[in-house]
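Here's the structure, in structure tokens; my notes come after.
We did not get these values from a lab; they are worked out from the coordinates using the rules stated. Note that the structure is predicted; figures quoted are calculated from it, not measured. Positions of Cβ are generated from backbone atoms using ideal geometry, with glycine treated the same way; all protein chains shown enter the neighbour counts.
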Amino acid sequence: MRTPRTLVVGAQALLVELDSAEEVAALHAELLRRRDAGALGPVRDLVPAARTVLLDGVRDPAALGARIASWEVPPLTRREGPLVTVAVRFDGPDLAEVARLWGVAAGEVPGIVAAIEFRVAFCGFAPGFGYLTGLPERLHVPRRETPRTAVPAGSLALAGEYAGVYPRSSPGGWQLIGSTDAVLWDPEREPAALFAPGVRVRFVQEERA
Amino acid sequence: MTGLLVVRAGALTTVQDRGRPGYAHLGVPRSGALDTAAYALANRLLGNPPDAAVLETTLDGVSLRALAATVVAVTGAPCPVRVSGRPVAWGAPVGLPAGAELEVGRAESGLRGYVAVRGGLAVPPVLGSRSTDLLSGLGPAVLTAGTTLAVGPAGPDPVAGADAYGLPAAPSELVLPLRLGPRADWFTGASLAGLWRSAFRVSPSSNRIGLRTEGGSALVRARAGELPSEGMVLGAVQVPPDGLPVVFLADHPVTGGYPVVGVVGPGPALDAAAQARPGTPVRFVRAR
């Protein structure tokens, strides 16, 4: 991994910028390892995003940035992080359109999705909304030209390099390919988010009752 | 029966405490009282723990009926306070007999008032906080008339006698010390130099998510393209395509895709931002 670019954000935060989602995942995993080992120093929030990791609530962002730039960060191993399996009905209103974009029959979409191991790269948009990486580039699809005013909770959706599941009903422009009864977000539960950064995700076709 | 009955909810009244920092990685905004000094004072006046939940009002106050005798304190934006029609002190502990009505009036200056009750509001916490988060909808609903708010048991500390005169007055000009970065290089040097001279005003579309500005000279992008969404901090000054800075307040989104030109440090400047009415002049100065 190339030496990351570190940017000071105000008096108490540091932004580490990387070249790829894989490098973000590797650095995020390294930061969690060091924090769990008590070797990172105080950090209130560790926020991965598309090409960055934000460390907020730190004492000396410049010094921390210099330390991080000196690290040897190992690439992420495939089996790192907890695995969550989510049962999905492939009944989304955009399933046919996504199949067309992929150049496959709609009936082939469940098998293609089930063969992919996704990883929660980061959360955003709404509590518990995870941006899942793992789609190969040929399966990237654009957002819908017209966003929906209401996407049902539990919708499995694709946009660009990401897959995601809407934790609750909200407006949204992603292509909807399926739905799940899994509860993505429950603040009374520990962990509140089923899809927390670093979690590995598999979608399997729901068995018919 | 204990608690407070909401008689008049006011324009926008929410329950607030110190918020829920530490969950940004799950997409949860920090939330919490915007004017942290006024919030802290309201609890200190009543001998409450520093993280007790209070009401945050917006411009026109709130009216509450005490279902049992209690003690309250109003801080933040100065305003008339009445108990069952009789004027009482603002910024001081005020006894509220059972059945009495507390009327928190329209702010004389500033924007946000804090109404604390001895023992703190006892609405159920979500992820360790009772704050209403207007961006993601976590925490209790915005106050409506007819709602009853539970009140917690009074702690061991006595009601204090401190007064509110240590609180700064609402700003006639909002001066925001700005530390440039992380994305200042997305803007032209000329427009950055102009930022320090520009006379902005607080936009009426400001809210708990961000203080929006208007009227000043827009920042000009030095580069095209989009920034992939990245983590945002409290006080981040984000610049949307119109070039007018938005200062992120407590309910800000945890990630954002517009470049952040600089950061206003938490503390007195953001407390003042919480009290700046629409139209208030805004100026950015270099943070030391």
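Work out the FRET efficiency for residue B:147 and residue B:173 from their Cβ-Cβ distance, taking R0 = 30 Å, and round it to the nearest 0.05.
0.20
Would you mind ranking A:149, A:133, A:52 so that the residue whose beta carbon has the fewest other beta carbons within 10 Å leads the list?
A:149, A:133, A:52
Taking only Cα atoms and a 10 Å spring cutoff, compute GNM fluctuations for chain B and point out the largest among B:14, B:70, B:132.
Ranking B:14, B:70, B:132 by mean-square fluctuation puts B:70 first.
Could you tell me the ratio Rg/Rh of the stretch B:6-84? Both radii from Cα atoms, Rh via Kirkwood. List each step's numbers first, then the result.
On the way: Rg = 13.8 Å, Rh = 13.9 Å.
Dividing the radius of gyration by the Kirkwood radius yields 1.00.
Set the Förster distance to 41 Å, then compute FRET efficiency between residue B:98 and residue A:188 from the Cβ-Cβ distance, nearest 0.05.
After rounding, the FRET efficiency stands at 0.75.
Taking loop as defined by DSSP and a crowding limit of 11 other beta carbons within 10 Å, which GluC sites (Glu not before Pro) in the stretch B:188-252 fit?
Here the sparse-neighbourhood loop sites are B:226.
Rounded to whole Å and sorted largest first, what semi-axes of the equivalent ellipsoid does the C-alpha gyration tensor of the stretch B:174-286 yield via the square root of 5 times each eigenvalue?
20, 16, 12
Return the Rg/Rh ratio of the stretch A:5-69 with Cα-based radii and a Kirkwood Rh.
Rg/Rh for the stretch A:5-69 comes to 0.92.
Rounded to the nearest 500 deg cm²/dmol, what is the calculated helix-only ellipticity per residue at 222 nm for chain B, with -39500 (n - 2.57) per DSSP H run of length n ≥ 4?
-2500 deg cm²/dmol
Tell me what chain A gives for mean residue ellipticity at 222 nm when only DSSP H runs of n ≥ 4 count, each as -39,500 (n - 2.57), the sum divided by the residue total, rounded to 500 deg cm²/dmol.
Taken over chain A, the calculation gives -5500 deg cm²/dmol.
For chain A, find the longest principal axis of its Cα atoms and tell me its angle to the long axis of helix A:21-36, 0 to 90°, nearest 10.
50 degrees
Suppose R0 equals 56 Å. What FRET efficiency, 1/(1 + (r/R0)^6) with r the Cβ-Cβ distance, do residue A:106 and residue B:108 give to the nearest 0.05?
That gives a FRET efficiency of 0.30.
Can you give the average number of partner chain beta-carbon atoms within 10 Å of each beta-carbon in peptide B:15-24, as a whole number? Intermediate results must be reported in sequence, preceding the final value.
Numbers: counts 0, 0, 0, 0, 0, 2, 4, 6, 7, 9.
Mean partner shielding for this stretch: 3.
When chain A is treated as a GNM, springs tying every alpha-carbon pair under 10 Å, which of A:80, A:23, A:145 comes out with the largest mean-square fluctuation?
Result: A:145 has the largest fluctuation of those listed.
Rounded to whole Hz and in sequence order, give me ³J(HN,Hα) for the stretch B:175-183 from the Karplus expression 6.51 cos²θ - 1.76 cosθ + 1.60, θ = phi - 60°, writing x for Gly and Pro.
Values per residue, Gly and Pro as x: 9, 10, x, 10, 9, 5, x, x, 10 Hz.
Starting with the fewest neighbours, write out B:4, A:64, B:12 ranked by other beta-carbon atoms found within 10 Å of each beta-carbon.
B:12, A:64, B:4
Select from B:135, B:39, B:281 the residue farthest towards the positive end of the dipole of chain B; place +1 on Cβ of Lys and Arg, -1 on Cβ of Asp and Glu, and compute about the Cα centre.
After comparing all options, I get B:281.
After finding the eigenvalues of the alpha carbon gyration tensor for the protein assembly as shown, what semi-axes result from the square roots of 5 times each, listed largest first in whole Å?
After scaling each eigenvalue by five and taking roots: 42, 28, 21 Å.
Where the only charges are on Cβ atoms (+1 Lys, Arg; -1 Asp, Glu), what is the dipole of chain B about its Cα centre, to the nearest 20 debye?
The calculation lands at about 340 debye.
Could you list the residues of the stretch A:137-158 with an amide nitrogen less than 12 Å from a label point located 7 Å from the Cα of residue A:114 in the Cα-to-C-beta direction?
Within reach of a label on residue A:114: no residues.
Find, to one decimal place in angstroms, the Kirkwood hydrodynamic radius of the stretch B:84-186, where the mean of 1/r is taken over every pair of different Cα atoms and then inverted.
Roughly 17.8 Å, rounded to one decimal.
Which whole-number percentage describes the relative contact order of chain A, with Cα contacts under 8 Å and a sequence gap of 6 or more?
Rounded, it is 22 percent for chain A.
GNM, chain A, Cα, under 10 Å: largest mean-square fluctuation among A:37, A:96, A:193?
Its mean-square fluctuation being the largest, the pick is A:37.
Quick check: pseudo-label points 7 Å beyond the Cα along Cα→Cβ at residue A:39 and residue A:63, how many nm apart are they?
1.9 nm
Between the stretch B:1-61 and the stretch B:168-222, how many Å separate their Cα centres?
For the stretch B:1-61 versus the stretch B:168-222, the Cα centre distance is 27 Å.
So, counting K/R as plus one and D/E as minus one, what does the shell of residues with Cβ under 10 Å around residue B:134 add up to?
Numbers: positive: B:208; negative: B:133, B:251.
Every neighbour counted, the sum reads -1.
Let me spell out the model: positive unit charges on the Cβ of Lys and Arg, negative unit charges on the Cβ of Asp and Glu, origin at the Cα centre of the stretch A:1-125. What dipole size does that give, in debye rounded to 20?
360 debye
Hey, what did the stretch B:4-166 get for relative contact order, percent, Cα under 8 Å, at least 6 apart?
Worked out over the stretch B:4-166, it gives 32 percent.
List the GluC sites (Glu not before Pro) within the stretch B:100-181 that fall in a DSSP loop (any state other than H, G, I, E or B) and whose Cβ has at most 16 other Cβ atoms within 10 Å.
B:108, B:173
Assign unit charges at the C-beta atoms only (+1 for Lys and Arg, -1 for Asp and Glu), then state the dipole size of the stretch A:83-205 relative to its Cα centre in Debye, rounded to the nearest 20.
Here the size comes out at about 100 debye.
Tell me the net charge near residue B:14. Cut-off is 12 Å between Cβ atoms, residue B:14 excluded, with +1 for each Lys or Arg and -1 for each Asp or Glu.
Details: positive: B:112, B:130, B:208; negative: B:17, B:56, B:133, B:251.
Spelling it out: positives minus negatives among the neighbours equals -1.
Compute the length gained on full extension between residue A:181 and residue A:96: take 0.36 nm times their separation in residues and subtract their Cα-Cα distance, giving the result in nm to one decimal.
Between residue A:181 and residue A:96, full extension yields an extra 28.4 nm.
Hull surface divided by four, with the convex hull built on the Cα atoms of chain B: how many nm²?
14.6 nm²
If the label point is 7 Å along Cα→Cβ of residue B:227, which residues in the stretch A:1-17 have backbone nitrogen under 19 Å from it?
The answer is A:4-17.
Partner chain Cβ atoms within 10 Å, averaged over the residues of A:43-51 - can you pull that number for me?
Counting Cβ atoms of other protein chains within 10 Å of each residue's Cβ and averaging gives 6.
In peptide A:117-126, what is the residue-averaged number of other protein chain Cβ atoms found within 10 Å of each Cβ?
Averaged over the peptide's residues, the number is 4.
Provide A:68, B:209 in ascending order of the number of other Cβ atoms located within 10 Å of each residue's Cβ, fewest first. Mind showing how you got there, number by number?
Values: A:68 21, B:209 17.
With the fewest neighbours first, A:68, B:209 line up as B:209, A:68.
Whole percent per 5 Å bin, from 0 to the bin with the longest distance: what is P(r) over all C-alpha pairs of chain A?
Values per bin, smallest distances first: 1, 7, 14, 18, 17, 15, 11, 8, 5, 2, 0, 0.
Quick check: residue separation of residue A:5 and residue A:149 times 0.36 nm, minus the Cα distance between them. What number comes out in nm? Present the calculation step by step, with values, prior to reporting the outcome.
Values: separation 144, 0.36 × 144 = 51.84 nm, distance 3.82 nm.
Gain in length upon complete extension: 48.0 nm.
Any chance you could give the angle, 0 to 90 degrees and rounded to 10, that helix B:36-45 forms with the longest Cα principal axis of chain B?
20 degrees
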